């Protein structure tokens, strides 16, 4: 088996004080709305962090997620199928008299013949 060399990660590649990227910013906005919809006893008692503080935003998202998942969910209810409609015995006819089509509608419904384009044959000049 071949050895795969892995080079060390540069120390300046991670910046803890970097502002949030667009994905985390949208996630923070979403979790602020989720926290508003939580019941009062589960609502997060910490202030909403600023988008420039990524560590505080991560802690806020983790706290909201933890409280959201700790809610006791109601048990699932078994839903029965709706009863089938019983058909009446006998013959049911749904016949409608046809109305004659107008001449314009008859013309439009006829299939059109495709015209193939023929290229003129070149005559050799003698």
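The values are calculated or read from the model by the stated rules, or taken from the named source; none is laboratory data. It should be emphasised that the depicted structure is a prediction, and the values quoted were computed from it without experimental measurement. Backbone-built Cβ (ideal geometry, glycine too); neighbour counts: all protein chains shown.
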Quiz item: Yes or no: residue 36 more than 23 Å from residue 70 (Cβ to Cβ), part of a helix (DSSP H, G or I) and free of Cβ contacts under 8 Å to residues at least 24 places away in the same chain?
Solution: no
Practice problem: Name the single residue, out of those in region 14-33 being touching a helix residue (DSSP H, G or I) at 6+ places or on another chain (Cβ under 7 Å) and assigned to a helix (DSSP H, G or I), that is farthest from residue 68 (Cα to Cα). | Solution: 24
Exercise. Search region 49-85 for residues being in contact with a helix residue (DSSP H, G or I) (Cβ under 6 Å, 6 or more places away or on another chain) and modelled with pLDDT of 85 or more, and hand back the single one that is nearest to residue 17 (Cα to Cα).
Key: 57
Quiz item: Given the conditions (1) loosely packed, with under 12 Cβ neighbours inside 10 Å; (2) under 25 Å from residue 69 (Cα atoms), and given that residue 43 satisfies all but one, which numbered condition is not satisfied?
Solution: (1)
